[in-house]
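Contents: one structure, followed by commentary.
The values are calculated or read from the model by the stated rules, or taken from the named source; none is laboratory data. It should be emphasised that the depicted structure is a prediction, and the values quoted were computed from it without experimental measurement. Note that we place each Cβ from the backbone using ideal geometry, even for glycine, and neighbour counts take in every protein chain shown. SASA here: full protein model, heavy atoms, side chains in, ligands and nucleic acids out. Shrake-Rupley method; radii C 1.70, N 1.55, O 1.52, S 1.80 Å.
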Amino acid sequence: MSQPAPNPAPSAISLTRYLIEEQRGGRISADLRLLIEVVARACKTISIAVGKGALGGVLGDAGTGNIQGEAQKKLDVIANDVLLEANAWGGHLAGLASEEMDHSQPISDLAPDGSPRGNYLLLFDPLDGSSNIDVNISVGTIFSVLRCPDGVTTPGDEHYLQPGTAQVAAGYCTYGPSTMLVLTVGNGTHAFTLDREVGGFVLTTRGMMIPEETKEFAVNVSNQRYWQPPMQRYIGDLLAGKEGPRGKDFNMRWVASMVADVHRILTRGGIFSYPLDAKCIDKGGKLRLMYEANPMSFLVEQAGGAASTGRARMMEVQPHHLHQRVPVFLGSKREVEAAVRYHVEHDAAVPA
Ligand code: P6P
């Protein structure tokens, strides 16, 4: 009797195969699939540059500043250039915007005459947390994809000012002990790990889910004296532990690299916050809406979490400026709801 054919080992699912599955399911277009592949390839190049560290002559300051008023690291500029070069030729974009560039760039300004253009807008923070680069702590690339408005062939900054709910894809690549791409196209949040021997991203977690409850918070407590009253009360109650109103002890983590903190929360739960404080209130907050808060909020919501400004759902904020800043609370759904309650109750008690 012939033996039954052995079941083939479940082959690893590559990023390409995952994206083809999503395209065949009608959830993404061929152009969006190809755009995400281009961004992933750029992230591999950035991973190599980051990984060289001191040996690559890429550490330290670039000697330039960006529109945020921040000194640029050499790797900020390198990562930005890699993403610009990778996307100029792809034919999937109408334009792109970067934390490191004052204004958005239509593809027609980037690509040689006659290069094809597409219908997507790509926004990115090319190397978030780069202040950690020189001390060898994880950093990452964050990206967000919007549709270019119909009939717009040369998009300007105003065409990017779409709420987070308009995103068709979002993700980050974290350059840590392993390089991981975490992605959503609106059908769950999934993690891919870079197989350096093959040179490709492999699906390692399909359907990341954030626990609704948590005992871990991430905030820069050194800003405590600058916080508004509801934030003072909220964190004070967390620090009071099981003897306090929350009735349980909490742990704290703060990497000061949003990608690293958010990846931990997507993996084991927690709440991340960068609230308004007296130092950043004039700017509207510290973190940027379009290429930090919105993409991270999309990923978190798709993983069963929540994301808020403390007073409104993050992805419903109507942007009014490309580099707009916002207060951020995101992570375990029940804990974000608790933090929002402190702010809503405070506002309700303030005399009109
Ligand atoms: P602070 C990095 O500069 C960043 O934009 C985020 O990645 C990070 O969460 C935050 O700022 C850290 O800010 O004030 O603690 O240095």
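Quick notes on this one:
- Breaking point among (1) closer than 20 Å to K44 by Cβ; (2) crowded, with 22+ Cβ neighbours inside 10 Å; (3) not aromatic (F, W, Y), for A97: (1)
- Checklist (1) more than 12 Å from the ligand (Cβ to nearest atom); (2) farther than 25 Å from D157 by Cα; (3) open to solvent by less than 10 Å² (accessible area, probe 1.4 Å); (4) small (G, A, S) applied to S273, failing item: (1)
- Residue list for segment 277-317, restricted to those being within 14 Å of the ligand (Cβ to nearest atom) and touching a Phe, Trp or Tyr at 6+ places or on another chain (Cβ under 6 Å): D277, A278, K279, K286, L287, Y291
The rows are residues; the columns are (1) open to solvent by 50 Å² or more (accessible area, probe 1.4 Å); (2) touching a strand residue (DSSP E or B) at 6+ places or on another chain (Cβ under 6 Å).
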| site | (1), (2) |
| --- | --- |
| E21 | yes, no |
| V58 | no, no |
| Q72 | no, yes |
| A79 | no, yes |
| L93 | no, yes |
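- Number of the exception - R33 against (1) charged (D, E, K, R); (2) surrounded by 18 or more Cβ atoms within 10 Å (Cβ to Cβ); (3) modelled with pLDDT under 95: (3)
- Residue count for segment 179-201, restricted to those that are open to solvent by 40 Å² or more (accessible area, probe 1.4 Å) and part of a strand (DSSP E or B): 1.
- One residue stands out in segment 225-260 among those that are closer than 18 Å to G310 by Cα and within 12 Å of the ligand (Cβ to nearest atom): the one that is least open to solvent (accessible area, probe 1.4 Å), namely M258.
- Of the residues making up segment 202-224, those that are surrounded by 16 or more Cβ atoms within 10 Å (Cβ to Cβ), among the aliphatic types (A, V, I, L, M) and within 16 Å of the ligand (Cβ to nearest atom) number 2.
- Cβ-Cβ contacts under 6 Å between residues 6 or more apart (or on different chains), taken from a first residue in segment 117-138 that is within 21 Å of T45 (Cβ to Cβ) and open to solvent by 20 Å² or more (accessible area, probe 1.4 Å) to a second residue that is within 16 Å of the ligand (Cβ to nearest atom) and outside any loop (DSSP other than H, G, I, E, B), are listed as S138/T174; S138/A260.
- The residue list A40, A62 contains one member that is part of a strand (DSSP E or B) and outside the structural domain of G285 (by TED's automatic domain parsing), which is A62.
- Odd one out for T154, checked against (1) within 16 Å of the ligand (Cβ to nearest atom); (2) of a type in the set (S, T, Y); (3) surrounded by fewer than 19 Cβ atoms within 10 Å (Cβ to Cβ): (1)
- The number of residues in segment 65-95 that are part of a loop (DSSP other than H, G, I, E, B) and either away from the ligand (no atom under 15 Å from the Cβ) or touching a helix residue (DSSP H, G or I) at 6+ places or on another chain (Cβ under 7 Å) (or both) comes to 4.
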